[in-house]
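Every read-out reported here was derived from the displayed coordinates using simple, explicitly stated rules and does not represent laboratory data. The structure displayed is predicted, hence computed values, not measured ones. Here the Cβ is made from the backbone with ideal geometry for all residues, glycine too, and neighbour counts use every protein chain on show.
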Amino acid sequence: MSATRKNFAATMPPTRSSIAPFAAAFLGIALFGADDRLLLNNAAFPRLTGLPAARLQPGLSLTEIAAQLV
């Protein structure tokens with residue numbers, strides 16, 4: 001895939017059909033951007049981390065999330 005096409009794909013909002021398998025996954029999944037900030041996570045991710053869902057908001061860095069685990 002060309003760099004232009006990758007950049008375009010990265011700016012496209014997720015669709016309901018692309019999010020459904022992610023949201024329904026039994027395993028905790030979180031997606032982080034190139035800047036190590038949380039983009040989105042599924043409902044199982046808070047259970048995996050033991051953190052309340054309210055503390056796992058988009059924009060938090062991986063470091064900020066890890067600091068909450070100690």
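General remarks:
- Inter-site label distance for A44 and V70 at 7 Å from Cα along Cβ, in nm: 2.9 nm
- Extension gain, D36 back to L62 (0.36 nm per residue minus Cα-Cα distance, nm): 8.8 nm
- Sorting 57-70, 34-47 by their mean Cβ neighbour count within 10 Å, with the most densely packed peptide first, gives 34-47, 57-70.
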